[in-house]
């Protein structure tokens, strides 16, 4: 994987070993950030961060800060290694996504969420995600291409498929 644009364009980032993490493809990541638009000074939350590629891309494109939430110890090590390699600053929280979101008191300009495709949300994840989005913020949620997601408290800006992935952008 590589950073698509910004100050670290073209630099490679590592992904955790094994099959537990499914990194967002370069094509889907590029398309997502084209839809998101400018990030100058934005605060970003990357939930189910995996390799951290989405949050790292946001930092490269001018985001002021990024908090990465990931439950896997190996993935957290990889995110920290990528931050060090790219000389970027971010906060990595190794914790279950629901627990970390429930404890979060800040709001973010951009929330990135890429849960495992077999993740079954009972509504708590969506409610917590809606709560941490700033009033003019945006949520980018990745699901399998065939799944069309709705979150009651948020409005869909757009939903697009890229191969086996669907990116849905929500706003308050």
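The values are calculated or read from the model by the stated rules, or taken from the named source; none is laboratory data. This structure is a prediction, so every number in the text was calculated from the model and none was measured. Here the Cβ positions follow ideal geometry from the backbone for every residue, glycine too, while neighbour counts run over all protein chains shown.
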Breaking point among (1) touching a strand residue (DSSP E or B) at 6+ places or on another chain (Cβ under 7 Å); (2) without any contact (Cβ under 8 Å) to a residue 40 or more places away in the chain; (3) surrounded by fewer than 18 Cβ atoms within 10 Å (Cβ to Cβ), for residue 27: (2)
Residue among 90, 52 that alone is crowded, with 22+ Cβ neighbours inside 10 Å, at pLDDT 95 or above and either touching a helix residue (DSSP H, G or I) at 6+ places or on another chain (Cβ under 7 Å) or farther than 16 Å from residue 113 by Cβ (or both): 90
Every residue from region 98-139 that is touching a helix residue (DSSP H, G or I) at 6+ places or on another chain (Cβ under 9 Å), under 27 Å from residue 11 (Cβ atoms) and crowded, with 19+ Cβ neighbours inside 10 Å: 110, 111, 112, 113, 114, 138, 139
The lone exception for residue 58 - which of (1) in contact with a strand residue (DSSP E or B) (Cβ under 8 Å, 6 or more places away or on another chain); (2) under 21 Å from residue 153 (Cα atoms); (3) part of a helix (DSSP H, G or I) it fails: (2)
